[in-house]
Structures are given as structure tokens and as C-alpha cells.
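See below for the structure under consideration.
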Amino acid sequence: MEGFYMKRKHKESLTSLAILSPSIITLAIFVYGFIGRSVQISLLDWDTFTKFIMGAKDYVGLENYIGLFQEERFQTDLWNTLYFTLFFILGCLAIGILLSLILNNKPKGSYFLQNLYLFPMAISFVVTGTVWRWIFSPGRLPNDPRGINLLFERLGLGSLQWGWFTSTFSFLNFNVALIAVIIAAVWQFSGYTMAMWLAGLRGIDQQLIEAARIDGASKWQIFTQILFPIQKPITLSAIIVLAHVSLKAFALIYSMTGSGPNNVTDIPAVYMFEATFRSNRYSTGSAIAIVLLAMVGLLIIPYLVNSFKEE
Amino acid sequence: MLLKKSALLSVILMVTLMFVFSFSALAQNENEVEIFSWWTGGGEEEGLNALIDVFNENYPNIEVINATVAGGAGANAKAVLKTRMVGGNPPDSFQVHGGAELINTYVETGMMEPITGLLEEWGVKDKFNQQILELSSYEGEIYSIPLNVHRGNVMFSNKQVLAEHNIEPPTDMESFLTVLEELSQTDVVPLALGDTNKWTATHIFETILVAKLGAEGYNGLWNGETAADDPRIREAFVYFDKLMQYVNEDHSALTWQDATQMVRDGEAAFNIMGDWAEGYLKTLGWTPGKQFGWLTVPGTKGTFMVITDTFGLPKGAPHPENAKKWLKTVASLEGQDTFNPIKGSIPARLDADKSKYDVYLTDSMNDFAKNTLTPSIAHGSAAPEGFITALNDNINGLVTTGDIEGSFEEFQKDMAEYVR
């Protein structure tokens, strides 16, 4: 009897391995294999098409990485990523949480609004980028404003007009042109934070909040002392997801502003694409890819380790 | 259990069959020819279709597979083509700019067949402008056939705007600055620019570079006769920086079409652009010489900044014989005179029928026959792609920062790194 059980268990695990094996094999080749290949290319000197074709393996060590970090464009890219990620996450959290708190009280039409706010997430970044490009195209100030600047003029708010994503002003390495892109990205993803928070809020025991209210807690206190701590894991998950979305904002930037005047809206992903496919600098492109991967890893791995421990 | 096994087996079988069929489908039809290009926009698509019609009349049994990849100036198509060439899946013939884009990328790496023999066999080699064939040549062999020619160093103007402000078209570089200064006192934009895709600013810069170095000096940059630290190059940066003070403020939000449209709408006086802008102005309902004028960019008279689309024969093309027939059509007078009037460009052959072309294009054809040709950097003919992107970034920075010395230094560094 014992033997039969063992045999059956063995067979089961074999079956599951068989079922899993296609995805394991494809993952191994198309994800980890190619990551390995990118690492290898980033250590070679394949920065012309001829060298790429000839495929000679002349390793140059970390030269491509060192060169990259010395480049002004890449430094700008890193600053842009930092500020973009920061304001994007803060914006999505602030607006998303606010919306979820409002909708949690089930005001009239809350189901409709819930879907309305979540809807932008279903749209591709390219569409968002194209539309917001029209909105934020500044036109020629002051005589011929376009888009949102024209709206400001009609509303008598002419003093709010400015160059949006064409502005080259920068403050503490923050290129203000990014504001336009951040608004577009927050518009698209704050609904996601709202949905996550709303799901969490609906699971909280109402008695808890009632009790706090009886004890005389203000709304703000309920939020900071009860809701926010309970929702911490959800908030953390949202931050992780948003952070890696922000590193992959290629499609949004590419369709909305491109790298901009003097790279004010450039990000590493756009530079990676241009280095690899426009200028045939395959090794530099691979190095950027690996830096990006490391940045995502920096965000994701602690999260994975943490959730693994919890399990 | 048996059921599961057979289900798994049938899935595997289906996948295998799909693979087999998809591969065999690629090599099945012998009577076709695949032509790869990025001609999907207004005018160019019609031109290509008309050329395909000419081909079909002569070779009714061969089906043309028109493989196009959309995207301005072939930005996306070039990446797709590279992947196909490297992956050993070349089209039968493909559009490529003559010069570095062809030679540096595909000829030096041994991916193209020489076609000098074919041109001699068809008796058309001496019908072409010999300077333009040189752009397609490497170590004495010709590798592609130029179909059309665009001119880069052209400046278009709104005649009404100039008349309203009593402006005479400038004749030299100094008077150009004076005219721009006068216009800047009015409410029109003196010089329209739309550089959201970067290359348009480089396009202006390269014409200034020709103006300062002269055609000889400019061509010398690419064969090493002109030094990268030549003081005249610095002058070009200085002059370019001056021009940038007269462009529209929202230039980085606009494309070249938007900039040309500004001239059309009377918002701007001048626009420096390749003569595809002439075709665009015509689609917007204008007649050359009537509503808009043109002149060579001040300082570049006698020079023809050339952008040429060519077709060649890749090694390992699936239907090389059909590809040769396509090339013969491209090289033929009928092919060139069918495609070019529609596309709004001029033929690379010098014996074309001038009555088929409008007043601007005829003027351009006359210049093409007698001017010194200079290959364009921005459009891939002069220098390797690595240099082009580096220069685009450099100029893009200069437009914003005005750091002439930094840009001049960067220029020398990039020349050393990518050109020689």
C-alpha cells in the first residue's frame, strides 16, 4: 500500500513536470538565455554593425558600462527616471487612495465611476501618449496657443500657459518638461491604485471603524491610524507594480514626446532603443538593458523575498 | 489516461504541422518577388504602386510582394531590414539610401551582390549621373541602382509673407541673417523648424556645413582630406546657433510636416527642408512658383545635397532572377519617369523626359546635372549610422544649450570614433 502511494506520488510529480516543462524550457531560453546573451554582448566591443556581424569575441570588461555612466545623456536619463518614478508613484497613490476613499462610501453612481477611473488602464500607452501629446502641445505663445494652453486662454487663465514638454528648464536636475508626461502616466494608472485600495477597504471589518469613531477618532485619524496600516501590504504591492511600470514607460515617452530637446524627457529605455537599432551600438544598448534590469531587480527582489518568507 | 495521451499527441502534431507549413509556405512560390521599402506615405505609396504596375506589364507572371514597414524616413523599416538580413531571411530587393547606409552596413559585411555587370549588360550605366553611382559603389563595383533623387539644401518661402513685409529673398549667408532679423521684428516666425524627431535640425546643420566648407571640403570630411578640427566647422556651428535664434519656440513639439505647414499657413516665412516638402506643399494645394518660392540654402549655390533611394540585390535572395527583373525596371527610363513625377523627386538618370516634371523639379534636374553632389549626413549617405545618431544628439543639445565649443569638441570626438 505504502509503495503504491509513493509510486502514485512520483507519477503525479512527473506529470506536473511534463506539463510545466514547455514553459520552463521557453522561459530558460527566451528569458534567462537572452539575459545571459545581453550580459555577454554588453561586455564585448560590438559597437558597429561590422563587428556585430563578424561576431569576434573581444571582451572589453566593464568599459561599456563606465562609458555609459560618464555620458551626459545617460546621466540625464537616470535623473529623469528617478523623478518620473517618484512623482508617478506619489501621484498614483495620492489620487488613487483619495478616489477609493470617496467611492468606498458608495455614493450615487459609484459603480459607474469605479469603472470610469479604471478604464484608462485598459488603453495602451501609445494611445495615451498620442492623445496627451495633442493636449500638451504648447503652440506658439502668446499669439497662437494650442491644446491645454488654448483652454487656459479661453478660461482667462493665460498666466498658466507655458511650454509643457518643450520646456528646457531644469531644477535640481528635475526637468520640468517631465510634468506633462507624469500627468499622462498618473491619469492612466491612478485607477489601478484605486481598484487595489478599494478591494482592500471592502474587506475591512466595519466594526473596527465604528469602534474607533465611538472612541472619538477623527476621519484623518481613522485613515492614518487604522486604514493605512491595514492597507500597507496592498500599498506596497501597488508601489512595486507602479515602479516597474515607470521603468517600462518606453511606449508612453516614445509616442508622446520622444527624447525631447536636450533629452529633457529621455529615459534609459528610449536611449537603449536608439543606441541599438538606430546607431548599431549593440554593446552599449545591451549595457543599458542590463542596467535597467538591475534597477527592476533592485525593486522586485526584496519584494519577492519578503512575500516568499510570508508564505 | 489514453484520452489525455492522444490529446497531447494531437497537440504536438498540430504544432509540428504548423511549423512545417509556415516554413514551406515561405519557399513555395517561385513566381514572386519581394520588394521591401518604407514607402507608405502620400505620394510615395502611389509612386511605388505605379512602378509595380510597370513591372507587371513587362513581367505579368511574376507577383510582386510589396513588403512595407511604415515610419518616417524608414526609422522602423531599417531596424526590421537589419534583423532580416542578419537572420538570413533577406527580401529579394530592398530600398536603401545610397552611400554609407548601403556600403557601411551591407556591402562591407559581404551581404550584397555586385551588379555592375547587369548595368553594363542593359546598357544603362552611362545614362546615370556618374557621381550618384559612386555613392552606390565600393572598390570599383556598383551594388545598387538609384531610383530617385531628392535635394536637401532647399529653402522654401511663402511669397505672400515676403511681399507683405517687403523682403527680398536672401542671396548670401550675411543677407540671410539680415532678412531673418527683419522678419523677427514682425509677428511671423522667420524660420520654421519642427525637430521633435531630431534629424530636421541636423538637416539644417549639414547644409550650413556645406556652405562653410564648400562642396569639396565637405566631401573631404568623409575621405579624410578635411580635418575634423577645421576652423570652418566651428564657424558652421556659430552660424547654425545664430539661425536657431529665429526659429519658432515650440519647435520640439513639431514634425517637419508641421513646420512646412507653418509656411503654408503664413505663420512662417522660410523653411529649410528636403524637396519632399515641395511635394507636401503641393498636396496642401499650392503651386510651385505661384504661392511658394524656393532657393538653395544661402551659401550652397552650385552644390546639390543628395538623398537617393536605391535598390540592390542581397546575397541569398530567394528569387534572384526575379529580383534582377525588378532591378531592370528600376533602372529603366520608363520606371524612373513613372515613379518620380508621382513621388515628387527627380530621376537618377540624366536622359529623363523633363516635360513630365513640374517647374520646381525641372529646375532641380538642371542643377542635378551640373552641380557638385554632396551626400547627406542626416539621411544616411555620408557617414555610418553611429555618427548620425551622435550628431543628432549633439545638434539637439546645441539647439537648447547654445554651447558651441562643447558641440565642436563633441563633433571631433564623434568623427574620430565613427568615421575614421
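No value in this document is a laboratory result; all are computed from the given coordinates. Everything numeric here is computed off the predicted structure, so don't read it as measured data. FYI the Cβ positions are ideal-geometry reconstructions off the backbone, even for glycines, and counts take in every protein chain you see.
Taking a straight Cα-Cα cut-off under 15 Å and skipping sequence neighbours fewer than 8 places away in the same chain, the aspartates and glutamates within cross-link reach of B:K324 are B:E30, B:E32, B:E34, B:E63, B:D92, B:E113, B:E120, B:E121. A simple charge model with +1 on the Cβ of Lys and Arg, -1 on the Cβ of Asp and Glu and nothing else charged puts the dipole of region B:289-383 at about 140 debye relative to its Cα centre.
Computed from Cα atoms, the angle from the helix B:231-243 axis to the main principal axis of chain B rounds to 80 degrees. Here the dipole of chain A is about 760 debye; that uses its Cα centre as origin and unit charges on the Cβ of Lys and Arg (positive) and Asp and Glu (negative).
Number of Lys-Lys pairs in region A:65-310 with C-alpha atoms under 22 Å apart and a separation of 8 or more places or on different chains: 4. Of the DSSP H helices in chain A, those that are both long (alpha-carbon extent of 27 Å or more along the helix axis) and hydrophobic (Kyte-Doolittle mean at least 0.5) are A:72-104, A:178-202, A:282-310. Pick out, from B:Q130, B:P384, B:V86, the residue whose Cα sits farthest towards the positive end of the charge dipole of chain B, with +1 on the Cβ of Lys and Arg and -1 on the Cβ of Asp and Glu. Of the listed residues, the answer is B:V86. Dividing the summed helix terms, -39500 (n - 2.57) for each DSSP H run of n ≥ 4, by the number of residues in the protein assembly as shown produces a 222 nm estimate of -17500 deg cm²/dmol to the nearest 500. Compute the Cα gyration tensor for the protein assembly as shown, then decide on rounded, prolate or oblate, letting a ≥ b ≥ c be the square roots of its eigenvalues: rounded whenever a/c is under 1.5, prolate when a/b is larger than b/c in the other cases, and oblate in all that remain. In terms of gyration-tensor shape, oblate. Give the shape of region A:65-310 as rounded, prolate or oblate, defined through the alpha-carbon gyration tensor: a ≥ b ≥ c are the square roots of its eigenvalues, a/c under 1.5 means rounded, and otherwise the shape is prolate if a/b is larger than b/c and oblate if not. Verdict is oblate for region A:65-310. When only the Cβ of Lys, Arg, Asp and Glu is charged (+1, +1, -1, -1), the dipole of the protein assembly as shown relative to its Cα centre reaches about 3480 debye. For chain B, the longest principal axis of the Cα atoms and the long axis of helix B:173-184 meet at an angle of about 80 degrees. Look at the dipole of the protein assembly as shown built from charges on Cβ: of A:G129, B:P341, A:A185, the Cα furthest out on the positive end belongs to A:A185. Projecting the Cα atoms of A:L90, A:S100, A:T235 onto the charge dipole of region A:65-310, computed from C-beta unit charges around the Cα centre, puts A:S100 farthest toward the positive end. Per residue, the convex hull spanned by the alpha carbons of region A:82-227 comes to 165 Å³. Peptide B:254-263 shows a mean partner chain C-beta count of 1 within 10 Å per residue C-beta.
Specify whether the C-alpha gyration tensor of region A:21-89 places it in the rounded, prolate or oblate class, a ≥ b ≥ c being the square roots of the eigenvalues: rounded for a/c under 1.5, otherwise prolate if a/b is larger than b/c and oblate if not. Cα axes put region A:21-89 in the oblate bin.
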